[in-house]
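*Asks:* Below you'll find the structure I mean.
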Amino acid sequence: MKLEKIIPREKNTAYPRCIAGKRACPPEDCEGIRSYQRLLEIIRDKNHEEHERMMEWLGGEFDPEYFDPAKVDFNDPDTRRKIAFG
């Protein structure tokens, strides 16, 4: 995650919030960056011997380019402050 800029606060808006992003996060149980990269190689190659099995494991579809900022969920900021600063 990279903070690119701070914008003025809007009235009647819950914060923090995500307004944009790129790419989907790795699926649950992906086992790290190398495994995720391998998964992406497999699902992009429909002729790969593991393609069908991986697509089934992913629930039938997975778009690594998809991102929906509305689905980003932040936990309570007061809780994060207490954890960070005691």
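The values are calculated or read from the model by the stated rules, or taken from the named source; none is laboratory data. Source: prediction; values computed, not measured. Because the Cβ atoms are built from the backbone with ideal geometry, glycine has one as well, and the counts that use them run over all protein chains shown.
*Asks:* Kindly indicate which of Thr13, Thr79 is over 20 Å from the mean Cα position of the chain (by Cα) and assigned to a helix (DSSP H, G or I).
*Replies:* Thr79
*Asks:* Taking segment 43-86 as the region of interest, how many residues are among the small types (Gly, Ala, Ser) and at pLDDT 90 or above?
*Replies:* Qualifying residue count, segment 43-86: 2.
*Asks:* Can you tell me which of (1) farther than 22 Å from Thr79 by Cα; (2) in contact with a Lys or Arg (Cβ under 8 Å, 6 or more places away or on another chain) is the one Tyr15 doesn't meet?
*Replies:* Status for Tyr15: all satisfied but (1).
*Asks:* Moving on. Working only within segment 43-58, note down all residues that are under 17 Å from Glu28 (Cα atoms) and of a type outside the set (Phe, Trp, Tyr).
*Replies:* Result: Ile43, Arg53, Met54, Met55, Glu56, Leu58.
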